């Protein structure tokens, strides 16, 4: 009790100094919390981008080489059916034979943009050491084009290529729903696909696509002249950018391709792989590259390394400048706290000498001084955590959106192709490698770990300051202390 | 009882060695009041530090109740001070943030006395110095004389065998000085304390049983002030009772 009374009175006596020290520590701790929160927010944004691109349970994605390239003003879809749009209108090409699409008519084309894998490839990948599961996927692009009635006629629209209506269809292996892009989504209404749906004409529709096309659970939609019933609406992570539009059972997607004569039975164009452990991912990547040398093997790490834009700048800023700024402020706070504590100890030599003469052990006096410093550290920690939350709230309120530039990749193709066709790009464009910019709101998150770290840092600051002050007390003999009094 | 034999204390100031105390042999009997006079810098405070186990002799031995103080470890010296020796300083050395009672309590902290007993002893100590009604006052709220009374209560609350007072009236006016010395004398008589009092004041020194004069680190004995030094460094008769 005496300890607390003495400590409280002493801190009250030098309240201004105590507040100054506590505020210094609070500033350092607050910066650590804010920077950590911002850094966590950036990492979360990055993870969101990757999970949206990638699927939650997927460690490695294998994609065949792109079979198409597109140019400004042209849209091509793979397989034997090509739809070529140009300034004169459009041509529908089947098996090398092209027919001009008459004005006022619509044409549709469905195709896979990548070279196919056979089921044997998928099985071979699944058998690789370190692979716990592998599933095939078939990504299709459906393009519908309507030529205006007065296209190219006098008084009609300018002879620009007509804009296609585009959507992507993802054939999902219902036996491995834990892999692939659907695994990252959340069912907003209805239900997801199940193994029982493997041969049913059912579809799960992305929420954004459903809204823009007025689709609901129970609605019916047409894909390449086949009617599918919408059984669920899925919400994909926003951070992941444009998701695929429609998810149907893999077998049905393969059947659509087969019906067009553009694929063989059981072909897929993507392989989603889950490694037995994170440590196995590099080895699995090497094995797959060796097994399928012409394919693109993408891991979360390689994808992350290719993501650029302000999200990476923000991560770099948080990791480099922010971290070092916080460290510098903390060191400054520690130094100021230590100097002020040592000055306070120097002013109290008379007091400590008298206490030693009274029979107080050095360690008891040291404990008293340490207690005072730690108390300031606790106040600094509390204020620092508050400052950290405030800093995180300010960042959140300002809500700077960071952008992630995702290089053209397997998952990005369909969206990039859509943008290339529907947007107004300039110059030559290769849809398979077109970068995609995703805007992600930055939400700093203060975690319990960070709070614990902040409290420990502030206490450490208090302890360091107290220890330096105590070091002088410990070295002070009572006779010297009293001699200094005289 | 103190027994000092051939005690010397040397300090090093740069390359120079200063003999603060030298060739000191002395016996201070239980219950004796010894006054020590001398000019500033002639070793009075060093003598007090040696007697108070605040410092160790460079040469010779300082024994308190048969224990060689110089041979004790630091923790033992601390315990010795806590249990047997009370200090009174010229500048009081009260802790400014603590009340009178809390300052007195500070002397009981090393003794680990229970809260109830502690409270009773503090109250008794403050009562003995006439400050029972000032227990909650801070030093800044007390006069110089009252502060020194608190310091005396702090020295006596642990019921020490020895009280060492270094110029206890040096910062006080004449009336207050008489009050404080009267109080010390009364407590010395009542409690049978061994009192070693360093003072410049001849009037105060005359009230002691024995007066030692420190001169260039050597102690000689006389009746007080400018009196001729006595040659025999031994204890006088026991203090008068009552």
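The values are calculated or read from the model by the stated rules, or taken from the named source; none is laboratory data. The model shown is predicted, which means the values in this text are computed figures rather than measured ones. Ideal geometry is used to build each Cβ from the backbone, glycine not excepted, and the neighbour counts take in all protein chains shown.
Summary table
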read-out	value
Sole residue being within 25 Å of residue B:38 (Cβ to Cβ), buried (at least 17 other Cβ atoms within 10 Å of the Cβ), in contact with a helix residue (DSSP H, G or I) (Cβ under 6 Å, 6 or more places away or on another chain) and without any contact (Cβ under 8 Å) to a residue 60 or more places away in the chain, chosen from B:183, B:172	B:172
Subset of region B:188-203 [at negative phi and surrounded by fewer than 19 Cβ atoms within 10 Å (Cβ to Cβ)]	B:189, B:190, B:191, B:200, B:202, B:203
All positions within region A:4-20 that are free of Cβ contacts under 8 Å to residues at least 24 places away in the same chain and within 12 Å of another protein chain (Cβ to nearest Cβ)	A:4, A:5, A:8, A:9, A:12, A:13, A:15
Out of A:367, A:383, A:354, A:390, sole residue that is surrounded by fewer than 24 Cβ atoms within 10 Å (Cβ to Cβ), within 14 Å of chain B (Cβ to nearest Cβ) and either modelled with pLDDT of 85 or more or touching a helix residue (DSSP H, G or I) at 6+ places or on another chain (Cβ under 7 Å) (or both)	A:367
Odd one out for residue B:143 among (1) closer than 30 Å to residue A:1 by Cα; (2) surrounded by 20 or more Cβ atoms within 10 Å (Cβ to Cβ)	(2)
Region B:117-132 residues that are free of Cβ contacts under 8 Å to residues at least 24 places away in the same chain, paired with ones that are surrounded by 18 or more Cβ atoms within 10 Å (Cβ to Cβ) (beta carbon under 6 Å, 6 or more apart)	B:118/B:108; B:132/B:126
Selection from region B:78-100 of residues that are assigned to a helix (DSSP H, G or I), surrounded by 21 or more Cβ atoms within 10 Å (Cβ to Cβ) and more than 7 Å from chain A (Cβ to nearest Cβ)	B:100
Every residue from region A:345-365 that is within 18 Å of residue B:94 (Cβ to Cβ) and either in contact with a strand residue (DSSP E or B) (Cβ under 6 Å, 6 or more places away or on another chain) or touching a residue at least 40 places away in the same chain (Cβ under 8 Å) (or both)	A:349, A:350, A:352, A:353, A:354, A:356, A:357, A:365
Qualifying residue in region B:154-162 (condition: assigned to a strand (DSSP E or B), within 14 Å of another protein chain (Cβ to nearest Cβ) and at pLDDT 90 or above)	yes
Strands (runs of 3 or more DSSP E) wholly inside region A:202-243 that include at least 3 residues being at pLDDT 85 or above and more than 20 Å from residue A:144 (Cα to Cα)	A:226-235
Set B:24, B:47, B:10: member being within 14 Å of chain A (Cβ to nearest Cβ) and crowded, with 24+ Cβ neighbours inside 10 Å	B:47
Hits in region B:57-77 (condition: within 10 Å of another protein chain (Cβ to nearest Cβ) and either buried (at least 19 other Cβ atoms within 10 Å of the Cβ) or in contact with a strand residue (DSSP E or B) (Cβ under 6 Å, 6 or more places away or on another chain) (or both))	B:77
Residue B:41 touching a strand residue (DSSP E or B) at 6+ places or on another chain (Cβ under 9 Å), over 22 Å from residue A:8 (Cβ atoms) and modelled with pLDDT under 90	yes
Failed item in (1) more than 12 Å from chain A (Cβ to nearest Cβ); (2) free of Cβ contacts under 8 Å to residues at least 24 places away in the same chain; (3) more than 21 Å from residue B:30 (Cβ to Cβ), with residue B:144 passing the rest	(2)
In region B:101-114, residue farthest from the other protein chains (Cβ to nearest Cβ) [restricted to those that are in a loop (DSSP other than H, G, I, E, B) and touching a helix residue (DSSP H, G or I) at 6+ places or on another chain (Cβ under 8 Å)]	B:113
Filter result for the condition that a residue is at pLDDT 80 or above and touching a strand residue (DSSP E or B) at 6+ places or on another chain (Cβ under 7 Å), over A:67, A:60, A:107	A:60
Residue check, residue B:119 closer than 23 Å to residue B:183 by Cβ, assigned to a loop (DSSP other than H, G, I, E, B) and away from chain A (no Cβ under 11 Å)	no
Residue A:83 buried (at least 21 other Cβ atoms within 10 Å of the Cβ), modelled with pLDDT under 75 and assigned to a strand (DSSP E or B)	yes
